[in-house]
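Notes to accompany the following structure.
Laboratory data are not the source of any read-out in this text; all were calculated from the coordinates shown. Predicted model only: the values in this text are computed from it and were never measured. All Cβ positions, even for glycine, are placed from backbone atoms using ideal geometry, and neighbour counts span all protein chains on display.
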Amino acid sequence: DPEHSEYEKKVIAELHRLESAQAEFLMDHLGQVGPDDTLVDAGCGRGGSMVMAHRRFGSRVEGVTLSAAQADFGNRRARELRIDDHVRSRVCNMLDTPFEKGGITASWNNESTMYVDLHDLFGEHSRFLKVGGRYVTITGCWNPRYGQPSKWVSQINAHFECNIHSRREYLRAMADNRLVPHTIVDLTPDTLPY
């Protein structure tokens, strides 16, 4: 059905636009990054944000994912774009990466923190970030200030087999791992259309 196909193309294009805008917003918060720096995308998926980061900063970008198919796709795309000398995906647990202690300028998780223990995750970011390095995450969380998680949080957890953490858990795990919040932005109104 051509009409359905056209609608589907529009939906996919809008999702891509929203996801790209979210990645750009994330990169706006990475701090001072230059061509001599190395960045880490923890939970990189197919590598789209890595390509965007390299194009924006000229830096080296390392991505980790548990999916060999995603890593292969990301590396193939980097080769097609002739940036594979700067952008690389690898199959790796984001809680136990091969990066040198203090060797990374900035790192991020974009909607992947709900699949891991926050203390372990932030401990790993804290280990490989340079002193003064920047960590950014975009994620869904619930605020205990308003009581227990909503039924929507429970439904998302069940559907995606994840654990949406509370805002308090993020702040505690960051503090326990010497990651000091610089900016906290509530994106709820901006993400509702998504």
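Summary table
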| quantity | calculated |
| --- | --- |
| Region 116-175, residues that are in a loop (DSSP other than H, G, I, E, B), hydroxyl-bearing (S, T, Y) and surrounded by 13 or more Cβ atoms within 10 Å (Cβ to Cβ) | T139 |
| Counted residues, region 1-41 - those being hydroxyl-bearing (S, T, Y) and at positive phi | 0 |
| Some residue of region 40-52 being without any contact (Cβ under 8 Å) to a residue 40 or more places away in the chain, surrounded by 14 or more Cβ atoms within 10 Å (Cβ to Cβ), part of a helix (DSSP H, G or I) and touching a strand residue (DSSP E or B) at 6+ places or on another chain (Cβ under 7 Å) | yes |
| Pick from region 61-80, criterion under 12 Å from G47 (Cα atoms) and outside any helix (DSSP H, G or I), ranking: farthest from the chain's Cα centre (by Cα) | S67 |
